[in-house]
Amino acid sequence: MNRVAILKQISEYMVKKGKFLSMNEYMQETDTPANFYLVRKLWGSWSRLKQLMRSNHPDLWAAMESGEGLVEPVVEKKTTKPAKKKAVKKEEE
């Protein structure tokens with residue numbers, strides 16, 4: 001993966017979390033899109049990552065700052081009622 005793709009994934013991840021995670025918070029998470037050490041290797045510092053997120057993905061940054069998070073639409077399940085069985089009359093002979 002390249003830097004641009006990793007930056008976008010981390011941005012979306014932090015939007016899902018609802019805030020910009022600190023270095024320690026990010027390290028403690030188990031479901032991160034990129035390893036903490038890889039992130040530090042690519043950008044050098046956590047503040048550089050924050051700066052790049054703010055400048056390259058302003059829409060995601062705004063959503064993260066407002067605490068919205070990625071809101072997935074709620075899909076209502078339609079409940080189907082079982083079909084009514086028609087009573088069958090027996091023929092008399």
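Regarding region 3-66, what whole-number volume in Å³ per residue does the convex hull of its Cα atoms give?
On the way: hull volume 4.6 nm³, N = 64.
So the per-residue hull volume is 71 Å³.
Please state the shape class of region 1-40: rounded when a/c is under 1.5, otherwise prolate if a/b exceeds b/c and oblate if not, all from the C-alpha gyration tensor. The partial results should precede the final answer.
Details: a/c = 1.93, a/b = 1.22, b/c = 1.59.
Judged from the Cα gyration tensor, region 1-40 comes out oblate (a/c at least 1.5, b/c at or above a/b).
Please give the contour-minus-distance gain from Asn24 to Glu91: 0.36 nm per residue of separation, less the Cα-Cα distance, rounded to one decimal in nm.
On the way: separation 67, 0.36 × 67 = 24.12 nm, distance 7.94 nm.
Contour length minus Cα-Cα distance gives 16.2 nm.
Could you please rank Lys17, Lys86, Lys50, Lys41, placing first whichever residue has the fewest other Cβ atoms within 10 Å of its Cβ?
Details: Lys17 18, Lys86 6, Lys50 15, Lys41 9.
Result, fewest neighbours first: Lys86, Lys41, Lys50, Lys17.
Since every read-out is calculated from the coordinates, none of them should be taken as a lab result. A quick note: this is a predicted structure, and the numbers were derived from the prediction, not measured. So basically every Cβ, Gly included, is an ideal-geometry build from the backbone, and we count neighbours across all protein chains shown.
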